[in-house]
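What follows draws every value from the coordinates through simple rules; no lab data is involved. Every value quoted in this text rests on a predicted model; they were computed, and no experiment measured them. Note that each Cβ is placed from the backbone with ideal geometry, even for glycine, and that neighbours are counted across all protein chains shown.
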Amino acid sequence: MARFLHLADIHLGFDRYDNKERTKDFFRAFQDVLERYAIAAQADFVLIVGDLFEHRNIQPAILNQAQICLQMLKDAEIPVLAIEGNHDNRPYGVKTSWLRYLSDWGLLKLLEPGDISAGEPFYSPWDEEWRRGGYVDLDCGVRVVGANWYGAAAPRAIEQIAAGIQALPASSNPVALMFHHGIEGQISRYVGALRYRELLPLKQAGVDYLALGHIHKSYTVEDWIFNPGSLEANNVEESQYDRGVYLVDIDRNGIHAELKQDYYQRPIIRLQLSARGQESIEDIEQGAHQTLEQAVQSGQLNPRQAPIVELRIEGQVGFDRLELDTRQLQQTLQQQSGALIFLLRYNVDQVAYGSQLTEDASRIQIEQDVFTDLLAANNVYKKRADALATGLIELKDMQLDGQTEETLYQFIQTLLQVER
């Protein structure tokens, strides 16, 4: 019987929100997962199926995070087998990467196909002295095979990988292949996903456990394809996905992969406020604060956890949407919620009114209707829309007659001070 941990899309160095604490979250999640489900669970080995890092070029502190976590496994004598993903793979023509560096220092085994154009076999056994190889037969009785990041060329590469696996020395051990690509139909708006039938040559070649990465959502297909998802959500939309790591047991009865999600993750709270077009600016601001307070009272939001909070204000407003000071509102909401990061999504439309114009309407009638519609769409002025529209027409005529700015200003003051 063999036990291993399958994880992917760790993204150390994540910096999308330019927040140091959020960057550390990805390190904390990685460290906690390894302590719980590799060391404490006594795993025989660990698979890292791409995107250990967020970027190809990393800061020293991020490299240190990776070294701390991988050294834990080395001290526990748990081998780590890894491949590069699209985020951390070496650019074309470059011979090294940070995963290659970690492999050369003995913190993991980077399994890669050979360079056929240079006369190398496609798959060579792992050489501990040279720290190179495309597959390894582990003492626990599992053969693990690696693959590169192929991008759009993945369908053609699958045929080559399948042929390479079939050409390996015969073994009765189960075969796990690490492959950083996604399958279509798992998430929307994902271009380049593979069709299931395109992966079938790998099954026919003897792959018992296809370990995927790349898509940040957990899924399995027909008990031989497994994708754990990312450790942490890379954006608030991903918070709706199931994700985690697979703790996998292989025995004579087959493969049992259990998704583990109990580890350090920062809470992400998504809230919504609907505007109906009747509210004033003050009403919207008060509604936003009440929405947060209700989330706290219900237990959905705990300010002591310093969560990531998104509040979406949607619908229609009866004022110029730019009149709401969203920056100031966001600051006060962040203080109220105790959020590490507060995202205010202000997606509203201004209420629009449209009067029916007859074909024989005069210019004055058209102007009156246009001004009335504009004023009626504003909660502050809509009750006096007709009177103010008449005043605006008079103001326009005074401007055309050449009245002084002082006269125009006094007229406006008088117009606005009329009893509402």
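Each label point was placed 7 Å from the Cα along the Cα-to-Cβ direction; for Q240 and Q297 their separation is 2.7 nm. Positive contributions from Lys and Arg (+1) and negative ones from Asp and Glu (-1), summed over other residues with Cβ under 9 Å from the Cβ of L311, come out at +2. Less than 5 angstrom separates the built amide H of R90 from none of the residues sequence-distant by 5 or more or on a different chain. With the simple spin-label model, which puts each label point 7 Å out from Cα in the Cβ direction, the R304 to R156 separation comes to 5.9 nm. Taken one residue at a time, the phi angles of segment 210-221 give Karplus couplings (6.51, -1.76, 1.60, θ = phi - 60°) of 8, 8, 9, x, 5, 7, 8, 10, 6, 7, 10, 9 Hz. Gly and Pro are set to x. In a DSSP loop and with at most 14 other Cβ atoms within 10 Å, the chymotrypsin sites (Phe, Trp or Tyr not before Pro) in segment 38-92 are Y92.
Determine which residues of segment 90-131 fall in the zone a paramagnetic label at A163 would reach in this model, i.e. backbone nitrogen under 15 Å from the point 7 Å along Cα→Cβ. Residues 114-123 qualify, since their backbone N sits under 15 Å from the label point. Once backbone amide H atoms are built at 1.01 Å from N, L301 has V296 as its partners under 5 Å, excluding neighbours fewer than 5 places away on the same chain. Helix 385-400 and the long axis of the chain differ in direction by around 80°, with both axes built from C-alpha atoms. Note that segment 175-188 has calculated 3J(HN,Hα) couplings of 10, 10, 10, 8, 8, 8, 8, x, 9, 5, x, 8, 9, 7 Hz, one per residue in order, obtained from phi through the Karplus relation 6.51 cos²θ - 1.76 cosθ + 1.60 (θ = phi - 60°); glycine and proline are x. From helices alone, the chain scores -10000 deg cm²/dmol at 222 nm; the rule is -39500 (n - 2.57) for each run of n ≥ 4 DSSP H residues, then divide by the residue total.
The structure-derived value of Rg and Dmax of the Cα atoms in Å appears in the list [x] 30.6, 98; [y] 22.7, 82; [z] 33.8, 140 under the label [x].
The HN-Hα couplings worked out from phi for segment 402-414 by the Karplus form 6.51 cos²θ - 1.76 cosθ + 1.60 (θ = phi - 60°) are x, 4, 6, 4, 5, 5, 5, 5, 5, 4, 4, 4, 5 Hz, whole numbers, x standing for Gly and Pro. Helix 20-34 and the longest principal axis of the C-alpha atoms of the chain enclose an angle of approximately 30°. Distant-in-sequence amide contacts of I269, defined by a placed amide H-H separation under 5 Å and a gap of 5 or more residues or a different chain, comprise I308, V309, E310.
Per residue, the average separation of C-alpha pairs within less than 8 Å and at least 6 apart gives segment 268-350 a relative contact order of 40 percent. Computed from the Cβ-Cβ distance with R0 of 45 Å, the FRET efficiency linking K396 to K20 stands at 0.20.
Approximating the spin labels as points 7 Å out from Cα along Cα→Cβ, the Q413-to-I39 distance works out to 7.5 nm.
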